[in-house]
Amino acid sequence: MKALILAGGQGLRLRPLTDDRPKPLVNVNSRPIAEWQLDWLRTSTDIEKVVFLCGYKWERLKEHFGSNYKGIEIDYVVEETPLGTGGAIKNGLAHLGNPNENVVVTNGDIVTDLPLKNMISSHETPGTQPTATMVLVPYKSRFGIVHIDKLKVVRKFEEKPEFPDTWINGGVYVLNVAKIVKHLPDKGDIERETFPKLVQYAEIVAYPYYGFWNLIDSIKDLQEVEHELKEMQAEAPK
């Protein structure tokens, strides 16, 4: 199986860390985000090739990884002008020759331990075969919640709660290439241009996941992920 990593953004909210590098090379506990992702892909399913869909400072990615990472072939598709996530994926699939198989796609700023093999098996269940399977994760508020009673008396503070019945797009997909390629724009985002069309035909299946999942979009996100990873490492069996 092959995977595409969306890595073309400038990472503006992570500056100055992204002044001289693309977001996937920002360090999380002394290792680039992209290394966390590649190790996750390598250990969670049989990935033979990964293609970075890149633009901003892409040369730094190539300098870091070259053409191989721990036995995985690494390649790069470079955008001369920003294509959006949908255009980038369409470009990446064309680079792969539009393979007659499923392809994993992930945003380049996600750190997770999602059981990818299980997600792929779910996507390939006989009788369903959707165009796309999408990871969904519970919405987590960035703000503390204040609870009040009928008399408007404050009764409780809750720090950044999760809402287990409210889901957000987790930025990891398994795509049926033959089905999705005709719905991808030459330029535009898959979230706005493609997924709304597929919803009309019930062609997207959800893979809900409650486990470790983090988006690194700001310095604060980075600090929180580093802290969580250190806690997980400390709690792991020796």
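Read-outs: derived from the displayed coordinates by stated rules, not from any lab. All values reported here derive from a predicted model rather than from experimental measurement. Glycine also receives a Cβ, built like all others from the backbone with ideal geometry; neighbour counts cover every protein chain displayed.
Across 94, 34, 132, mean-square fluctuation computed from a Gaussian network of the chain (C-alpha pairs under 10 Å connected) peaks at 94. Quick one: Kirkwood hydrodynamic radius for segment 104-206, alpha-carbon pairs, angstrom, one decimal? Its Kirkwood hydrodynamic radius stands at 16.1 Å. Of the beta bridges in segment 16-76, as assigned by DSSP with both residues counted there, near 50 percent are antiparallel.
For residue 187, list the aspartates and glutamates whose Cα falls under 20 Å from its own Cα; do not include residues on the same chain fewer than 8 positions away. Cα-Cα hits under 20 Å: 79, 80.
Give the lysines whose C-alpha is closer than 25 Å to that of residue 150, dropping any in the same chain fewer than 8 places away, or say none. Residue 150 reaches 160.
Charges were assigned to the Cβ only: +1 to each Lys and Arg, -1 to each Asp and Glu. The resulting dipole of segment 95-228 about its Cα centre is roughly 480 debye. Computed over Cα pairs, the Kirkwood radius of the chain leads via Stokes-Einstein (0.890 mPa s, 25 °C) to a diffusion coefficient of 129 µm² per second.
Working from the Cα coordinates of segment 139-183, the gyration tensor eigenvalues give, after taking √(5λ), semi-axes of 41, 10, 7 Å in decreasing order.
For the chain, the antiparallel share of DSSP beta bridges with both residues in that region comes to about 50%.
Eigenvalues of the alpha-carbon gyration tensor of segment 14-132, scaled by 5 and square-rooted, set the equivalent ellipsoid semi-axes at 25, 18, 13 angstrom, largest first. Using C-alpha pairs below 8 Å separated by at least 6 residues, the relative contact order for the chain is 24 percent.
Specify which residue in the list 5, 32, 213 is farthest towards the positive end of the charge dipole of the chain, using unit charges on the beta carbon of Lys, Arg (+1) and Asp, Glu (-1), about the Cα centre. Positive-most Cα among the choices belongs to 213.
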